[in-house]
Amino acid sequence: MTRFDRTKLLFGENFETFQNTRILLLGVGGVGSFALDCLYRTGLQNITIVDFDIYDETNLNRQIGSDGNIGKEKTSSLQKLYPNIKTISAKVDEVWIENFDFSDFDLVLDAIDSSLAKMFLAKKVSEKLISSLGSANQIDSTKIKVCSIWETENDPFAKSIRKALRRNKFSKDYTVIFSSAERVGNDGGSFVGVTGAFGLAMCGEAIKNLIK
């Protein structure tokens, strides 16, 4: 059997759709790196990743690509693992979002951390956006859900984004990955069993979107 035979057995003719789909993945940390791995292994290889950061030792607990690459750029390190992807080394902030041309992409996957940037991104590309929300300070991956930005619960990060969207008179809808799990530990704590599950859920939602 060849690499994608088992994928083709599951998805049939949709596999051709996967290969022709253009994905923009913003942020390749604890959530984004797992989304990238899932997409790539499923046959979606027309992927552009955007990140400005370098790996440090604290990334080793949750980020694919961090092993052996401390001090190196995330984008260039991941391109060695996933040779067919394209990379952009840039910080995804409101200025970058305003100036970037999103029209070349079929789906935009948001795994960045900034609530302000997330708000600007929603205003720019809500119709093709899947956004990951708060994955820190959690240990229960069974509470991860997919819904509208307006329907999340027990997620302070989502709440702050909704407030910002309302202040900016934004009333459209878009899809988010969030968790209703109880927050535990200290601020900034992370567990790959949750952050990775967020990334896999994001990949799964992208796949469902493409086969509708």
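The values are calculated or read from the model by the stated rules, or taken from the named source; none is laboratory data. Note that the structure is predicted; figures quoted are calculated from it, not measured. Backbone-built Cβ (ideal geometry, glycine too); neighbour counts: all protein chains shown.
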Out of (1) surrounded by fewer than 18 Cβ atoms within 10 Å (Cβ to Cβ); (2) in contact (Cβ under 8 Å) with a residue 12 or more places away in the chain; (3) closer than 23 Å to Cys38 by Cβ, the one Lys208 does not meet is (2)
So which of Val50, Val92 is among the aliphatic types (A, V, I, L, M), part of a loop (DSSP other than H, G, I, E, B) and modelled with pLDDT of 95 or more? Val92
Within region 1-44, of all residues that are part of a loop (DSSP other than H, G, I, E, B), among the aliphatic types (A, V, I, L, M) and touching a helix residue (DSSP H, G or I) at 6+ places or on another chain (Cβ under 8 Å), the one modelled with the lowest pLDDT is Leu44
State which residue pairs qualify: first residue touching a residue at least 12 places away in the same chain (Cβ under 8 Å) and surrounded by fewer than 20 Cβ atoms within 10 Å (Cβ to Cβ) and inside region 105-121, second residue among the β-branched types (Val, Ile, Thr) and assigned to a loop (DSSP other than H, G, I, E, B) in any location, beta carbons under 7 Å apart, and separation of 6 or more residues or different chains. Asp106/Thr21
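Within region 163-204, count every residue that is of a type outside the set (A, V, I, L, M, F, W, C), surrounded by 18 or more Cβ atoms within 10 Å (Cβ to Cβ) and closer than 16 Å to Ser131 by Cβ. Break it down stepwise before answering.
If we filter region 163-204 for residues that are of a type outside the set (A, V, I, L, M, F, W, C), which is where we start, we get 163, 166-169, 171-175, 179-180, 182-183, 185-190, 193, 195-196, 199, 204.
Still in the running and surrounded by 18 or more Cβ atoms within 10 Å (Cβ to Cβ): 174-175, 179, 190, 195-196, 199.
So of that shortlist, the ones also closer than 16 Å to Ser131 by Cβ come out as 174-175, 179, 195, 199.
Residues flagged as of a type outside the set (A, V, I, L, M, F, W, C), surrounded by 18 or more Cβ atoms within 10 Å (Cβ to Cβ) and closer than 16 Å to Ser131 by Cβ within region 163-204 amount to 5.
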Could you count how many residues in region 150-176 are closer than 23 Å to Asp187 by Cβ and either in contact with a His (Cβ under 8 Å, 6 or more places away or on another chain) or in a helix (DSSP H, G or I) (or both)? 9
Complete set of residues in region 91-101 that are surrounded by 14 or more Cβ atoms within 10 Å (Cβ to Cβ) and not acidic (Asp, Glu): Val92, Trp96, Ile97, Phe100
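Could you look through region 121-149, keep only residues that are of a type in the set (A, V, I, L, M) and in a helix (DSSP H, G or I), and pick out the one that is farthest from Asp104 (Cα to Cα)? Reasoning before the result, please.
Within region 121-149, the first condition is being of a type in the set (A, V, I, L, M), and the residues that meet it are 121-122, 125, 129-130, 133, 136, 139, 144, 146, 149.
Next, from what is left, pick out any that are in a helix (DSSP H, G or I): 121-122, 125, 149.
Numbers: Leu121: 15, Ala122: 17, Val125: 12, Ile149: 24 Å.
Residue satisfying both the conditions and the ranking: Ile149.
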